[in-house]
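Take a look at the structure set out below.
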Amino acid sequence: MKSESQAAHKQLPAVDRVLRAPEIVDLAEEHGRQAVTAWVRQVLGEMRIDDGDGFGTSREQTVRKVIERVLAVGERHNLNRMRPVINATGVVLHTNLGRAPLANAAKQAICDAVGCMNLEINLVDGRRGSRGSSIEELLTQLTGADAALVVNNCAAATLLALRTFATGRQVIISRGQLIEIGGSYRLPNIFIEAGAILAEVGTTNRTRLADYAAAITSETAAILRVHSSNYRIIGFTESASIGELAELARAHGLLAIDDVGSGSLYDLSPLGLTGEPIVPESLRAGADLVLFSGDKLLGGPQCGVIVGRQPLIDRLRGEPLARALRVDKLTLAALEATLLIHCRGRAFEDVPVLRQLAMHPNEIRERCEKLVHRLATDRRATAISFSVKAVESAVGGGALAGQGLPSFAICARSANIEQTARDLRLGSPSILVRTSEGTVLLDLRTVHSDDDEAVLKRLERLAAQSDCGPAAVHDDERVA
Ligand SMILES: *Cc1c(COP(=O)(O)O)cnc(C)c1O
(Lines give C-alpha, C1' and ligand atoms only; values in the text may rest on other atoms or scores of the structure.)
Protein backbone atom coordinates (compact mmCIF):
# COMPACT_ATOMS: atom_id res chain seq x y z
CA MET A 1 0.00 0.00 0.00
CA LYS A 2 2.63 2.41 1.19
CA SER A 3 4.95 1.96 -1.74
CA GLU A 4 2.02 2.27 -4.12
CA SER A 5 1.08 5.69 -2.76
CA GLN A 6 4.71 6.75 -2.70
CA ALA A 7 4.91 5.85 -6.37
CA ALA A 8 1.77 7.87 -6.98
CA HIS A 9 3.21 10.84 -5.12
CA LYS A 10 6.16 10.81 -7.45
CA GLN A 11 3.72 11.60 -10.24
CA LEU A 12 2.75 14.90 -8.61
CA PRO A 13 4.00 17.72 -10.82
CA ALA A 14 6.10 20.67 -9.69
CA VAL A 15 4.25 23.92 -8.96
CA ASP A 16 5.81 25.57 -12.03
CA ARG A 17 4.65 22.80 -14.30
CA VAL A 18 1.02 23.39 -13.20
CA LEU A 19 1.35 27.16 -13.49
CA ARG A 20 2.42 26.76 -17.13
CA ALA A 21 -0.76 24.93 -18.12
CA PRO A 22 -2.85 27.19 -20.39
CA GLU A 23 -5.99 27.00 -18.18
CA ILE A 24 -3.94 27.92 -15.13
CA VAL A 25 -2.32 30.81 -17.01
CA ASP A 26 -5.84 32.09 -17.76
CA LEU A 27 -6.85 31.58 -14.15
CA ALA A 28 -3.81 33.59 -13.00
CA GLU A 29 -4.77 36.38 -15.35
CA GLU A 30 -8.19 36.49 -13.76
CA HIS A 31 -7.24 36.13 -10.09
CA GLY A 32 -3.59 37.15 -9.98
CA ARG A 33 -0.53 34.93 -10.02
CA GLN A 34 0.03 35.08 -6.29
CA ALA A 35 -3.39 33.68 -5.39
CA VAL A 36 -3.27 30.98 -8.06
CA THR A 37 0.23 29.87 -7.00
CA ALA A 38 -1.10 29.49 -3.45
CA TRP A 39 -4.04 27.41 -4.74
CA VAL A 40 -1.69 25.14 -6.70
CA ARG A 41 0.46 24.62 -3.59
CA GLN A 42 -2.67 23.94 -1.55
CA VAL A 43 -3.99 21.36 -4.03
CA LEU A 44 -0.60 19.63 -4.31
CA GLY A 45 -0.35 19.61 -0.52
CA GLU A 46 -3.78 18.02 -0.19
CA MET A 47 -2.95 15.41 -2.81
CA ARG A 48 0.34 14.60 -1.11
CA ILE A 49 -1.44 13.57 2.08
CA ASP A 50 -4.08 11.65 0.10
CA ASP A 51 -3.35 7.96 -0.19
CA GLY A 52 -3.06 8.13 -3.94
CA ASP A 53 -6.81 8.31 -4.60
CA GLY A 54 -7.64 10.88 -7.19
CA PHE A 55 -4.30 10.42 -8.93
CA GLY A 56 -4.21 9.45 -12.57
CA THR A 57 -2.58 6.31 -13.87
CA SER A 58 -0.01 8.34 -15.77
CA ARG A 59 1.94 11.46 -14.96
CA GLU A 60 -0.03 13.41 -17.59
CA GLN A 61 -3.33 12.29 -16.08
CA THR A 62 -2.20 13.33 -12.63
CA VAL A 63 -1.27 16.78 -13.92
CA ARG A 64 -4.77 16.99 -15.40
CA LYS A 65 -6.30 16.08 -12.01
CA VAL A 66 -4.27 18.78 -10.31
CA ILE A 67 -5.37 21.36 -12.88
CA GLU A 68 -9.01 20.38 -12.44
CA ARG A 69 -8.79 20.73 -8.69
CA VAL A 70 -7.14 24.14 -8.97
CA LEU A 71 -9.86 25.26 -11.40
CA ALA A 72 -12.47 24.11 -8.86
CA VAL A 73 -10.80 26.25 -6.20
CA GLY A 74 -11.02 29.19 -8.62
CA GLU A 75 -14.71 28.44 -9.18
CA ARG A 76 -15.38 28.53 -5.43
CA HIS A 77 -13.64 31.89 -5.19
CA ASN A 78 -15.78 33.21 -8.02
CA LEU A 79 -18.91 32.31 -6.07
CA ASN A 80 -17.69 34.50 -3.23
CA ARG A 81 -17.19 37.51 -5.44
CA MET A 82 -19.99 40.04 -5.69
CA ARG A 83 -22.48 39.24 -8.39
CA PRO A 84 -26.14 39.84 -9.17
CA VAL A 85 -28.68 37.40 -7.77
CA ILE A 86 -32.40 36.94 -8.34
CA ASN A 87 -34.38 37.55 -5.16
CA ALA A 88 -37.24 35.04 -5.15
CA THR A 89 -37.54 35.08 -1.34
CA GLY A 90 -40.54 37.39 -1.31
CA VAL A 91 -38.71 39.70 1.12
CA VAL A 92 -38.82 43.06 -0.64
CA LEU A 93 -36.09 44.79 1.37
CA HIS A 94 -33.67 41.92 1.87
CA THR A 95 -30.72 43.21 3.88
CA ASN A 96 -28.48 40.30 2.86
CA LEU A 97 -29.29 40.94 -0.79
CA GLY A 98 -28.42 44.63 -0.69
CA ARG A 99 -31.73 46.08 0.57
CA ALA A 100 -33.45 48.28 -2.03
CA PRO A 101 -32.88 47.26 -5.67
CA LEU A 102 -32.33 50.51 -7.54
CA ALA A 103 -34.50 52.03 -10.24
CA ASN A 104 -33.21 51.95 -13.81
CA ALA A 105 -32.73 55.70 -13.76
CA ALA A 106 -30.58 55.36 -10.63
CA LYS A 107 -28.54 52.63 -12.27
CA GLN A 108 -27.98 54.88 -15.29
CA ALA A 109 -27.08 57.81 -13.05
CA ILE A 110 -24.37 55.71 -11.38
CA CYS A 111 -22.92 54.80 -14.78
CA ASP A 112 -22.97 58.44 -15.85
CA ALA A 113 -21.20 59.50 -12.66
CA VAL A 114 -18.29 57.09 -12.83
CA GLY A 115 -16.04 59.49 -14.72
CA CYS A 116 -15.55 63.19 -14.08
CA MET A 117 -18.75 64.98 -13.15
CA ASN A 118 -19.94 68.25 -11.62
CA LEU A 119 -19.78 67.04 -8.03
CA GLU A 120 -18.65 70.31 -6.48
CA ILE A 121 -18.71 72.82 -9.28
CA ASN A 122 -21.42 75.19 -10.38
CA LEU A 123 -21.50 74.91 -14.16
CA VAL A 124 -23.32 78.24 -14.53
CA ASP A 125 -20.61 80.45 -13.04
CA GLY A 126 -17.76 77.94 -13.07
CA ARG A 127 -17.17 78.38 -9.35
CA ARG A 128 -16.94 75.86 -6.62
CA GLY A 129 -20.37 74.57 -5.67
CA SER A 130 -21.47 72.57 -2.68
CA ARG A 131 -21.68 68.81 -3.01
CA GLY A 132 -25.19 67.48 -2.99
CA SER A 133 -26.97 70.84 -2.88
CA SER A 134 -29.35 69.90 -5.71
CA ILE A 135 -30.25 66.73 -3.86
CA GLU A 136 -30.93 68.56 -0.64
CA GLU A 137 -33.32 70.77 -2.57
CA LEU A 138 -35.20 67.72 -3.85
CA LEU A 139 -35.37 66.35 -0.31
CA THR A 140 -36.89 69.56 1.01
CA GLN A 141 -39.45 69.54 -1.80
CA LEU A 142 -40.45 65.98 -1.06
CA THR A 143 -40.59 66.24 2.72
CA GLY A 144 -41.56 69.87 3.34
CA ALA A 145 -38.43 70.40 5.48
CA ASP A 146 -36.39 73.64 5.41
CA ALA A 147 -33.13 71.82 4.87
CA ALA A 148 -31.56 68.41 4.39
CA LEU A 149 -28.24 66.62 4.74
CA VAL A 150 -27.17 63.24 3.38
CA VAL A 151 -24.73 61.00 5.26
CA ASN A 152 -23.57 57.40 4.98
CA ASN A 153 -26.57 55.66 6.56
CA CYS A 154 -29.21 56.16 9.21
CA ALA A 155 -26.84 54.97 11.94
CA ALA A 156 -24.47 57.76 10.87
CA ALA A 157 -27.36 60.24 10.92
CA THR A 158 -28.17 59.30 14.53
CA LEU A 159 -24.52 59.41 15.56
CA LEU A 160 -24.02 62.83 13.97
CA ALA A 161 -27.19 64.29 15.49
CA LEU A 162 -26.42 63.01 19.00
CA ARG A 163 -22.77 64.01 18.83
CA THR A 164 -23.58 67.51 17.60
CA PHE A 165 -26.42 68.33 19.95
CA ALA A 166 -26.09 66.05 22.95
CA THR A 167 -22.47 65.22 23.81
CA GLY A 168 -22.22 65.17 27.61
CA ARG A 169 -25.95 65.82 27.88
CA GLN A 170 -29.07 63.75 28.33
CA VAL A 171 -31.37 62.48 25.65
CA ILE A 172 -34.70 61.06 26.75
CA ILE A 173 -35.99 57.91 25.07
CA SER A 174 -38.69 55.37 25.83
CA ARG A 175 -37.60 51.94 27.08
CA GLY A 176 -39.76 50.46 24.33
CA GLN A 177 -37.62 52.09 21.63
CA LEU A 178 -34.06 50.98 22.47
CA ILE A 179 -33.71 49.16 19.21
CA GLU A 180 -31.23 46.77 17.74
CA ILE A 181 -31.03 46.67 13.94
CA GLY A 182 -29.10 43.98 12.08
CA GLY A 183 -25.41 44.52 11.43
CA SER A 184 -24.68 45.24 15.11
CA TYR A 185 -26.53 48.52 15.31
CA ARG A 186 -27.62 48.88 18.95
CA LEU A 187 -28.95 52.26 19.92
CA PRO A 188 -27.29 52.37 23.38
CA ASN A 189 -23.92 51.83 21.68
CA ILE A 190 -24.55 54.76 19.34
CA PHE A 191 -25.16 56.86 22.45
CA ILE A 192 -21.82 55.76 23.88
CA GLU A 193 -20.04 56.60 20.62
CA ALA A 194 -21.70 60.02 20.58
CA GLY A 195 -20.89 60.68 24.23
CA ALA A 196 -24.58 61.33 24.91
CA ILE A 197 -26.30 60.20 28.08
CA LEU A 198 -29.23 57.88 27.65
CA ALA A 199 -32.17 58.78 29.88
CA GLU A 200 -34.57 55.83 29.58
CA VAL A 201 -38.14 56.43 30.62
CA GLY A 202 -41.32 54.37 30.91
CA THR A 203 -41.44 50.63 30.44
CA THR A 204 -41.05 48.26 27.52
CA ASN A 205 -44.73 48.36 26.62
CA ARG A 206 -45.99 51.63 28.09
CA THR A 207 -44.41 55.06 28.10
CA ARG A 208 -46.56 58.11 28.69
CA LEU A 209 -45.90 61.76 27.91
CA ALA A 210 -45.72 62.38 31.68
CA ASP A 211 -42.76 59.97 31.90
CA TYR A 212 -40.82 62.15 29.48
CA ALA A 213 -41.86 65.34 31.25
CA ALA A 214 -40.72 63.98 34.63
CA ALA A 215 -37.29 63.11 33.25
CA ILE A 216 -36.43 66.58 31.94
CA THR A 217 -33.59 68.26 33.82
CA SER A 218 -31.19 71.11 33.12
CA GLU A 219 -28.90 68.48 31.56
CA THR A 220 -31.45 67.40 28.96
CA ALA A 221 -30.67 68.24 25.34
CA ALA A 222 -33.27 66.37 23.35
CA ILE A 223 -36.14 63.92 23.22
CA LEU A 224 -35.56 61.10 20.77
CA ARG A 225 -38.30 58.99 19.30
CA VAL A 226 -37.16 55.85 17.50
CA HIS A 227 -39.52 53.83 15.35
CA SER A 228 -39.62 50.17 16.39
CA SER A 229 -38.99 49.18 12.79
CA ASN A 230 -38.22 45.49 13.06
CA TYR A 231 -40.43 44.47 15.99
CA ARG A 232 -43.84 45.30 17.31
CA ILE A 233 -45.05 45.81 20.82
CA ILE A 234 -48.67 44.77 20.90
CA GLY A 235 -51.30 44.26 23.57
CA PHE A 236 -51.28 46.49 26.65
CA THR A 237 -49.32 49.37 25.18
CA GLU A 238 -49.08 53.11 25.26
CA SER A 239 -46.72 55.59 23.69
CA ALA A 240 -46.49 59.32 23.09
CA SER A 241 -46.91 60.66 19.57
CA ILE A 242 -44.16 62.67 17.89
CA GLY A 243 -46.54 65.67 17.97
CA GLU A 244 -46.88 65.46 21.77
CA LEU A 245 -43.14 64.94 22.19
CA ALA A 246 -42.32 67.88 19.91
CA GLU A 247 -44.65 70.14 21.90
CA LEU A 248 -43.09 69.04 25.19
CA ALA A 249 -39.60 69.57 23.77
CA ARG A 250 -40.44 73.03 22.51
CA ALA A 251 -41.90 74.05 25.88
CA HIS A 252 -38.57 73.18 27.53
CA GLY A 253 -36.23 74.43 24.82
CA LEU A 254 -35.22 70.90 23.81
CA LEU A 255 -34.86 69.28 20.41
CA ALA A 256 -37.35 66.67 19.20
CA ILE A 257 -35.50 64.16 17.04
CA ASP A 258 -37.46 61.49 15.19
CA ASP A 259 -35.60 58.43 13.89
CA VAL A 260 -38.28 57.04 11.57
CA GLY A 261 -35.97 54.42 10.07
CA SER A 262 -37.56 53.42 6.81
CA GLY A 263 -38.29 56.90 5.54
CA SER A 264 -41.62 56.44 3.87
CA LEU A 265 -42.80 59.55 2.04
CA TYR A 266 -46.28 58.11 1.66
CA ASP A 267 -49.09 56.59 3.65
CA LEU A 268 -48.88 52.92 2.69
CA SER A 269 -52.14 51.91 4.35
CA PRO A 270 -53.96 51.68 0.98
CA LEU A 271 -51.55 48.77 0.32
CA GLY A 272 -52.55 47.21 3.63
CA LEU A 273 -49.36 48.33 5.36
CA THR A 274 -49.98 50.37 8.48
CA GLY A 275 -48.11 51.98 11.34
CA GLU A 276 -45.08 53.20 9.40
CA PRO A 277 -44.20 56.81 10.28
CA ILE A 278 -44.35 59.18 7.31
CA VAL A 279 -41.52 61.70 6.97
CA PRO A 280 -43.59 64.78 5.96
CA GLU A 281 -46.11 64.03 8.73
CA SER A 282 -43.43 63.83 11.36
CA LEU A 283 -42.09 67.23 10.29
CA ARG A 284 -45.57 68.69 10.24
CA ALA A 285 -46.15 67.33 13.73
CA GLY A 286 -43.21 69.43 14.88
CA ALA A 287 -40.10 67.21 14.85
CA ASP A 288 -36.96 69.38 14.62
CA LEU A 289 -34.96 66.69 12.89
CA VAL A 290 -36.17 63.56 11.13
CA LEU A 291 -33.68 60.78 10.32
CA PHE A 292 -34.12 57.90 7.89
CA SER A 293 -32.36 55.43 5.61
CA GLY A 294 -32.10 55.94 1.87
CA ASP A 295 -32.23 52.24 0.98
CA LYS A 296 -35.46 51.22 2.69
CA LEU A 297 -38.87 52.56 1.67
CA LEU A 298 -37.35 55.49 -0.23
CA GLY A 299 -35.97 52.81 -2.56
CA GLY A 300 -32.61 54.46 -3.19
CA PRO A 301 -28.95 53.72 -2.46
CA GLN A 302 -27.54 53.16 1.01
CA CYS A 303 -27.37 56.51 2.78
CA GLY A 304 -28.85 58.32 5.74
CA VAL A 305 -31.00 61.40 5.35
CA ILE A 306 -31.45 64.13 7.94
CA VAL A 307 -34.19 66.66 7.26
CA GLY A 308 -35.31 69.49 9.49
CA ARG A 309 -34.76 73.07 10.56
CA GLN A 310 -32.16 75.05 8.64
CA PRO A 311 -30.00 76.25 11.56
CA LEU A 312 -29.79 72.71 12.92
CA ILE A 313 -28.86 71.23 9.55
CA ASP A 314 -26.25 73.99 9.11
CA ARG A 315 -24.65 73.02 12.41
CA LEU A 316 -24.61 69.35 11.46
CA ARG A 317 -23.05 70.16 8.12
CA GLY A 318 -20.25 72.10 9.82
CA GLU A 319 -19.17 69.22 12.06
CA PRO A 320 -15.89 67.45 11.26
CA LEU A 321 -17.80 64.20 11.77
CA ALA A 322 -20.13 65.14 8.88
CA ARG A 323 -17.08 65.20 6.61
CA ALA A 324 -16.13 61.73 7.79
CA LEU A 325 -19.64 60.42 7.20
CA ARG A 326 -20.24 61.99 3.79
CA VAL A 327 -21.29 59.91 0.80
CA ASP A 328 -19.56 59.47 -2.53
CA LYS A 329 -20.61 60.70 -5.96
CA LEU A 330 -22.09 57.35 -7.02
CA THR A 331 -24.45 57.35 -4.05
CA LEU A 332 -25.42 60.95 -4.66
CA ALA A 333 -26.08 60.23 -8.33
CA ALA A 334 -28.32 57.27 -7.53
CA LEU A 335 -30.10 59.20 -4.80
CA GLU A 336 -30.77 62.18 -7.07
CA ALA A 337 -32.26 59.96 -9.77
CA THR A 338 -34.43 58.17 -7.19
CA LEU A 339 -35.68 61.43 -5.67
CA LEU A 340 -36.53 62.77 -9.13
CA ILE A 341 -38.79 59.77 -9.68
CA HIS A 342 -40.56 60.59 -6.42
CA CYS A 343 -40.87 64.26 -7.47
CA ARG A 344 -42.44 63.24 -10.78
CA GLY A 345 -45.06 61.19 -8.94
CA ARG A 346 -43.81 57.97 -10.56
CA ALA A 347 -42.53 56.21 -7.43
CA PHE A 348 -45.06 53.37 -7.43
CA GLU A 349 -44.26 52.60 -11.06
CA ASP A 350 -40.52 53.20 -11.28
CA VAL A 351 -39.01 52.63 -7.84
CA PRO A 352 -38.69 48.84 -7.54
CA VAL A 353 -39.36 48.69 -3.78
CA LEU A 354 -42.63 50.58 -4.07
CA ARG A 355 -43.62 48.86 -7.29
CA GLN A 356 -43.13 45.50 -5.62
CA LEU A 357 -45.08 46.53 -2.53
CA ALA A 358 -47.93 47.81 -4.69
CA MET A 359 -48.00 44.82 -7.05
CA HIS A 360 -51.41 43.15 -7.14
CA PRO A 361 -51.40 39.46 -6.12
CA ASN A 362 -53.33 38.57 -9.31
CA GLU A 363 -50.51 39.89 -11.44
CA ILE A 364 -48.05 37.73 -9.49
CA ARG A 365 -50.32 34.69 -9.77
CA GLU A 366 -50.58 35.09 -13.54
CA ARG A 367 -46.81 35.17 -13.90
CA CYS A 368 -46.44 32.09 -11.68
CA GLU A 369 -49.13 30.22 -13.62
CA LYS A 370 -47.55 31.06 -16.94
CA LEU A 371 -44.17 29.71 -15.86
CA VAL A 372 -45.57 26.62 -14.18
CA HIS A 373 -47.65 25.87 -17.27
CA ARG A 374 -44.57 26.06 -19.46
CA LEU A 375 -42.60 23.88 -17.05
CA ALA A 376 -45.38 21.29 -17.20
CA THR A 377 -45.62 21.26 -21.01
CA ASP A 378 -41.90 21.41 -21.69
CA ARG A 379 -41.24 18.15 -19.92
CA ARG A 380 -42.91 15.14 -18.39
CA ALA A 381 -42.53 16.10 -14.76
CA THR A 382 -40.67 13.55 -12.71
CA ALA A 383 -38.05 14.32 -10.06
CA ILE A 384 -39.24 17.88 -9.39
CA SER A 385 -42.88 18.89 -9.62
CA PHE A 386 -44.09 22.46 -9.85
CA SER A 387 -47.31 24.16 -8.79
CA VAL A 388 -48.58 27.63 -7.88
CA LYS A 389 -49.11 28.39 -4.22
CA ALA A 390 -50.58 31.33 -2.30
CA VAL A 391 -47.96 32.76 0.04
CA GLU A 392 -47.17 35.93 1.98
CA SER A 393 -44.41 38.32 1.00
CA ALA A 394 -42.65 40.37 3.67
CA VAL A 395 -41.48 43.97 3.54
CA GLY A 396 -38.22 43.17 5.37
CA GLY A 397 -35.29 45.49 5.97
CA GLY A 398 -36.66 46.46 9.35
CA ALA A 399 -39.85 47.95 7.97
CA LEU A 400 -43.44 47.06 8.77
CA ALA A 401 -42.49 44.12 10.96
CA GLY A 402 -45.02 41.33 11.08
CA GLN A 403 -47.08 42.68 8.19
CA GLY A 404 -47.34 40.35 5.23
CA LEU A 405 -48.56 41.00 1.70
CA PRO A 406 -50.68 38.33 -0.02
CA SER A 407 -48.68 36.90 -2.89
CA PHE A 408 -48.09 33.81 -5.04
CA ALA A 409 -45.10 31.58 -5.52
CA ILE A 410 -43.90 28.81 -7.77
CA CYS A 411 -43.79 25.84 -5.45
CA ALA A 412 -41.23 23.16 -6.25
CA ARG A 413 -41.34 19.73 -4.64
CA SER A 414 -38.31 17.49 -4.78
CA ALA A 415 -36.79 14.65 -2.79
CA ASN A 416 -34.24 16.99 -1.25
CA ILE A 417 -35.43 20.57 -1.02
CA GLU A 418 -32.30 21.83 0.71
CA GLN A 419 -30.31 20.52 -2.24
CA THR A 420 -32.72 22.11 -4.70
CA ALA A 421 -32.44 25.47 -2.91
CA ARG A 422 -28.67 25.09 -2.92
CA ASP A 423 -28.56 24.24 -6.63
CA LEU A 424 -30.63 27.33 -7.39
CA ARG A 425 -28.34 29.44 -5.25
CA LEU A 426 -25.12 28.16 -6.78
CA GLY A 427 -26.12 28.08 -10.45
CA SER A 428 -26.06 30.99 -12.81
CA PRO A 429 -27.90 33.27 -12.37
CA SER A 430 -28.11 32.64 -8.62
CA ILE A 431 -31.68 32.41 -7.39
CA LEU A 432 -32.43 32.88 -3.70
CA VAL A 433 -35.59 31.13 -2.51
CA ARG A 434 -37.50 30.29 0.64
CA THR A 435 -38.12 26.74 1.85
CA SER A 436 -41.28 25.86 3.71
CA GLU A 437 -43.08 22.65 4.65
CA GLY A 438 -40.95 20.46 2.44
CA THR A 439 -41.19 22.73 -0.60
CA VAL A 440 -39.08 25.33 -2.32
CA LEU A 441 -40.97 28.60 -2.87
CA LEU A 442 -40.15 31.21 -5.49
CA ASP A 443 -42.23 34.30 -4.69
CA LEU A 444 -42.31 36.33 -7.92
CA ARG A 445 -43.27 39.58 -6.17
CA THR A 446 -39.59 40.31 -5.60
CA VAL A 447 -38.44 39.02 -9.01
CA HIS A 448 -38.34 41.59 -11.78
CA SER A 449 -40.61 40.36 -14.58
CA ASP A 450 -37.65 40.74 -16.96
CA ASP A 451 -36.07 37.87 -15.03
CA ASP A 452 -39.03 35.47 -15.39
CA GLU A 453 -37.46 33.85 -18.46
CA ALA A 454 -34.16 33.32 -16.61
CA VAL A 455 -36.03 31.76 -13.67
CA LEU A 456 -37.86 29.45 -16.07
CA LYS A 457 -34.60 28.36 -17.71
CA ARG A 458 -32.98 27.61 -14.36
CA LEU A 459 -35.97 25.54 -13.22
CA GLU A 460 -36.05 23.63 -16.50
CA ARG A 461 -32.37 22.87 -16.30
CA LEU A 462 -32.63 21.86 -12.67
CA ALA A 463 -35.54 19.52 -13.36
CA ALA A 464 -33.70 17.96 -16.30
CA GLN A 465 -30.59 17.42 -14.16
CA SER A 466 -32.61 15.86 -11.36
CA ASP A 467 -34.17 13.43 -13.82
CA CYS A 468 -30.77 12.05 -14.70
CA GLY A 469 -29.32 12.06 -11.22
CA PRO A 470 -27.77 14.75 -9.05
CA ALA A 471 -25.90 17.60 -10.70
CA ALA A 472 -22.24 16.68 -11.00
CA VAL A 473 -20.95 20.17 -10.22
CA HIS A 474 -22.01 19.96 -6.61
CA ASP A 475 -20.80 16.48 -5.78
CA ASP A 476 -17.65 17.61 -4.02
CA GLU A 477 -19.56 20.21 -2.04
CA ARG A 478 -22.03 17.64 -0.82
CA VAL A 479 -19.14 15.63 0.62
CA ALA A 480 -17.68 18.71 2.32
C1 LIG B 1 -32.92 50.70 9.73
C2 LIG B 1 -32.94 51.62 10.87
C3 LIG B 1 -31.77 52.22 11.33
C4 LIG B 1 -30.44 51.92 10.73
O5 LIG B 1 -30.39 52.40 9.44
P6 LIG B 1 -29.11 52.15 8.50
O7 LIG B 1 -29.38 53.00 7.32
O8 LIG B 1 -29.08 50.70 8.23
O9 LIG B 1 -27.92 52.61 9.28
C10 LIG B 1 -31.85 53.09 12.40
N11 LIG B 1 -33.04 53.35 12.98
C12 LIG B 1 -34.19 52.79 12.57
C13 LIG B 1 -35.46 53.13 13.27
C14 LIG B 1 -34.18 51.90 11.50
O15 LIG B 1 -35.31 51.35 11.07
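Below, the figures for the structure above:
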{"item": "Any pair with Cβ under 9 angstrom, 6 or more apart, that starts in the range 268-295 at a residue that is at positive phi and ends at one that is assigned to a helix (DSSP H, G or I) and more than 16 Å from the ligand (Cβ to nearest atom)", "result": "275/269; 286/243; 286/246; 286/247; 286/249; 286/250"}
{"item": "Those residues of the range 142-189 which are of a type in the set (Gly, Ala, Ser), under 24 Å from the mean Cα position of the chain (by Cα) and surrounded by fewer than 20 Cβ atoms within 10 Å (Cβ to Cβ), in sequence order", "result": "182, 183, 184"}
{"item": "Residue pairs meeting the criteria (Cβ under 9 Å; at least 6 apart or on separate chains; first under 17 Å from residue 329 (Cα atoms), in the range 124-144; second surrounded by fewer than 12 Cβ atoms within 10 Å (Cβ to Cβ) and of a type in the set (A, V, I, L, M))", "result": "129/123"}
{"item": "Tally, over the range 241-259, of residues that are small (Gly, Ala, Ser) and either surrounded by 22 or more Cβ atoms within 10 Å (Cβ to Cβ) or closer than 25 Å to residue 394 by Cα (or both)", "result": "3"}
{"item": "Whichever residue in the range 190-213 is within 16 Å of the ligand (Cβ to nearest atom) and small (Gly, Ala, Ser) and, among such residues, is farthest from the chain's Cα centre (by Cα)", "result": "196"}
{"item": "Test set (1) touching a helix residue (DSSP H, G or I) at 6+ places or on another chain (Cβ under 8 Å); (2) without any contact (Cβ under 8 Å) to a residue 12 or more places away in the chain - residue 324 fails condition number", "result": "(1)"}
{"item": "Test for residue 18: is it surrounded by 15 or more Cβ atoms within 10 Å (Cβ to Cβ), at pLDDT below 95 and either in a helix (DSSP H, G or I) or of a type in the set (Lys, Arg) (or both)", "result": "no"}
{"item": "Helices (runs of 4 or more DSSP H) lying entirely in the range 318-413 (those with 3 or more residues that are more than 24 Å from residue 101 (Cα to Cα))", "result": "320-324, 361-378"}
{"item": "Pairs where the first residue, in the range 206-234, is in contact (Cβ under 8 Å) with a residue 40 or more places away in the chain and closer than 19 Å to residue 167 by Cα and the second is within 16 Å of the ligand (Cβ to nearest atom) and of a type in the set (Phe, Trp, Tyr), C-beta under 9 Å, 6+ apart", "result": "none"}
{"item": "Number of positions in the range 152-188 that are touching a strand residue (DSSP E or B) at 6+ places or on another chain (Cβ under 9 Å), more than 9 Å from the ligand (Cβ to nearest atom) and not hydroxyl-bearing (Ser, Thr, Tyr)", "result": "18"}
{"item": "Selected residue (criterion: surrounded by the most Cβ atoms within 10 Å (Cβ to Cβ)) from residues of the range 269-301 that are more than 15 Å from the ligand (Cβ to nearest atom) and under 20 Å from residue 91 (Cα atoms)", "result": "271"}
{"item": "Condition met for residue 304 (touching a residue at least 12 places away in the same chain (Cβ under 8 Å), crowded, with 24+ Cβ neighbours inside 10 Å and more than 24 Å from residue 169 (Cβ to Cβ))", "result": "no"}
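The values are calculated or read from the model by the stated rules, or taken from the named source; none is laboratory data. This is a predicted model, so every value here is computed, not measured. No Cβ is skipped: glycine too gets one built from the backbone with ideal geometry, and neighbour counts run over all protein chains shown.
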